[in-house]
Amino acid sequence: MVFTEIAMNIPVSSLKKLQRLLNTIRINIKEFDDFLANTPHIYRSIKGHAFEVWFDRVMRERGVKVNSIGGDSVVDRVINGKTLQLKTPYLKATAAPKVFGYRMHKTHGAEVKPHCYYKKNEFADYLVGLHPTQGVIICPRKYLPTRGEVSKRLDYPEYLADPLPFEWNTKWLNRYDLLGIKVKNNPTLAVHSESEAKYFPKLIEKIGFTDYDIIHSIIDNKNFRIWFQLIVGTIRELHFSEFARLHKITLNPPKKLKGRGSNKVDYVLDNGSRIQVKGLTKGMCSNKFLGCETQCSHGRVPNRLYRRSDFDFIVIVIDPGIIPVEKAKKLKIISKDYNFVILPISKLPRHPRSKEWGNDYIKSSFLFRPEDVTYNNFELLA
C-alpha cells in the first residue's frame, strides 16, 4: 500500500515519513502490521508511546495545552506547571473488574534492584495511567503506594511498588481537576471498526488506539528507540526467516533447549544445528570493515560472552544500503536488499582470557572486510 490519502486526520507528511521508513526496511504496510502484531516486546513499547500521543491529542481537542518532555526524564508531560508520568496497564497485574496495575520499572539506567525502581520523591507530581476501560487515573505522587505498603515481605520497602496496584473503581479516575483543568466528555479508548483501522487493524486489535496514535508514536524522533533499537533490529530476523523459507530451510524456535541454550539461540534447524542472528553494529562499521557485537545484550563479562558450544552458526544480517552499490556489484549482491553472512562459530575469534575463565569464549565483537566473506550461502544450513 502506498500512502496517498488522508485517513483519521493523519497528515500527509506523517504518512510519507512512515512510508520512507518502511522503504528502508523493505516491507509494506500490511506486512508491517502483521510483524508488529506478532512481536510482543515491540507492540508493548508502541502501546506506551501511543498512549502519550493519544493523551496529547485528546487534551488538544479539548483546548488543554500540554508540554511534551523528551529524553529519559522521569517526566513525560507538563500541564499547568504540574509534572506527569504516563503509564499503560500491566496485563499481569490486571483482573477485571477488581484491580489493575502498572509496571514501575525505570526505562533507562541500571536494571538491577533497587536502581530499577523509583523512589517516591524522585517521581513526577502525578501518575497519569490509562484505565483498562474507563479513561485515565490521575493520582498525586504522595498517594502512590510503596513496596512496603503493598506487602511487608517485599525488599526495598521505601521504593514505589512494582507493579503499582489500584482498585478498579479507584477514586483517582478521571481526576483532571487535580491538574487545574476542566475536561468535558472524559476521553476513553474507542472501539474501532475494521474500516476505521485502515493501516494497523491487527495491531489495533492487540493494543487499541488509532492509526493516528500508532503512526505518530513510531515516527516521532523522541521515540527513536522504537525504530532503531526495536523495529530495525528485530525486522532483520523476519527477513532472514523469509530468506530461509525461499530456500526451503525450516527454522524452529529453541523451545526444547535447556539451560544456556534457551537464551543463546534464536533458531534450531531440523538437523539440530543452532543459529544465532546478529545485525551490524553501526559504530564498528567503516569504509573498510563491517562489524557486529558477538555477545549477549545484558549481563557482565564473562557471563555475557558466548561460549563456542552455545551455537553452531552465526548469521550476520547486512542491512540495505550498508555496502555501496559499486562494491555490492563486485560482490555479486544487491545493495538495496538484505544480505546474510553465514559462518560456523569456529570462524569467530577466541577471547584471549578464555583460559583464565575456564571455558572457550568467543570475543565480544567480530570485524571483517566485506570482500573476505561469502554472502547468502544458504547451502551451509541445508
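Residues Met284, Met59 in ascending order of nearby Cβ atoms (within 10 Å, fewest first): Met284, Met59. Which residues does the label zone of Thr133 cover in segment 152-179, counting backbone N under 18 Å from a point 7 Å along Cα→Cβ? Taking a point 7 Å out along Cα→Cβ of Thr133, the residues of segment 152-179 whose backbone N falls under 18 Å are 166-174.
With θ taken as phi - 60° and the Karplus curve 6.51 cos²θ - 1.76 cosθ + 1.60 applied, the whole-hertz 3J(HN,Hα) list for segment 366-379 is 9, 10, 8, 7, x, 7, 9, 10, 9, 10, 6, 8, 5, 4 Hz, x standing for glycine and proline. With the cut-off at 1.5 for a/c, could you classify segment 247-381 from its C-alpha gyration tensor as rounded, prolate or oblate? In terms of gyration-tensor shape, oblate. The trypsin sites (Lys or Arg not before Pro) of segment 322-382 that DSSP puts in a loop, and whose beta carbon has at most 15 other beta carbons within 10 Å, are Lys332, Lys336, Arg353. Where the only charges are on Cβ atoms (+1 Lys, Arg; -1 Asp, Glu), what is the dipole of segment 65-186 about its Cα centre, to the nearest 20 debye? Rounded to the nearest 20 debye, it is 300 debye.
Once backbone amide H atoms are built at 1.01 Å from N, Tyr267 has Ile275 as its partners under 5 Å, excluding neighbours fewer than 5 places away on the same chain. Once the Cα atoms are used to define both axes, helix 232-246 deviates from the longest principal axis of the chain by about 50 degrees.
Counting every other Cβ atom within 10 Å of each residue's Cβ, Trp168, Trp54 order from fewest to most as Trp168, Trp54.
This model, with +1 at the C-beta of Lys and Arg and -1 at the C-beta of Asp and Glu, gives the chain a dipole about its Cα centre of some 860 debye. Between Asn359 and Lys106, how high is the FRET efficiency from 1/(1 + (r/R0)^6) when r is the Cβ-Cβ distance and R₀ = 35 Å? Nearest 0.05. Using R0 = 35 Å, I get an efficiency of 0.60. Charged neighbours of Thr24, selected by a Cβ distance under 13 Å, balance to +3 (K, R count +1; D, E count -1). Our coupling estimate for segment 214-229, obtained by passing each phi through the Karplus curve with A = 6.51, B = -1.76, C = 1.60 and θ = phi - 60°, is 5, 4, 6, 5, 7, 8, 5, 4, 5, 9, 4, 5, 4, 6, 6, 8 Hz, Gly and Pro reported as x. A simple rule links phi to the HN-Hα coupling: the Karplus curve 6.51 cos²θ - 1.76 cosθ + 1.60 with θ = phi - 60°, which for segment 292-308 gives 8, 6, 10, 7, 6, 6, 10, x, 10, 5, x, 4, 6, 7, 7, 8, 5 Hz, with x for Gly and Pro.
Here's the list of aspartates and glutamates a cross-link from Lys17 could span, going by alpha-carbon distance under 15 Å and ignoring same-chain residues fewer than 8 apart: Glu5, Asp211, Asp213, Asp220.
Taken over the Cα atoms of segment 65-186, the convex hull encloses 109 Å³ per residue. Checked against a 28 Å cut-off, the cross-linked pairs Lys87/Lys363; Lys106/Lys363; Lys222/Lys258; Lys198/Lys332; Lys82/Lys106; Lys16/Lys336 give Cα-Cα distances beyond that limit for Lys87/Lys363; Lys106/Lys363; Lys222/Lys258; Lys198/Lys332.
Three semi-axes describe the equivalent ellipsoid of the chain; taken as square roots of 5 times the Cα gyration tensor eigenvalues and ordered largest first, they are 42, 27, 18 Å. Using alpha carbons only, how many degrees (0 to 90, rounded to 10) separate the axis of helix 12-24 from the longest principal axis of the chain? The helix 12-24 is inclined about 30 degrees to the chain.
Remark: spin-label model distance Lys258-Asn287 equals 5.4 nm, labels positioned 7 Å along the Cα→Cβ axis.
Each residue in Thr88, Thr210 was given a count of other beta-carbon atoms within 10 angstrom of its own, and listing them fewest first yields Thr88, Thr210. Starting from the amide H of Thr146, placed 1.01 Å from N in the peptide plane, find each other amide H under 5 Å away whose residue is 5 or more places distant or on another chain. Correct list: Ala161. In this structure the amide hydrogen of Thr83, modeled in the peptide plane, comes within under 5 Å of the amide hydrogens of Asp125, Tyr126, none closer than 5 places in sequence on its chain.
All of the numbers you see were taken from the coordinates with simple rules; none came from a lab. Keep in mind that this is a model prediction, so the values were computed, not measured. As a convention, Cβ positions derive from the backbone with ideal geometry for all residues, glycine included, and neighbour counts pool all protein chains shown.
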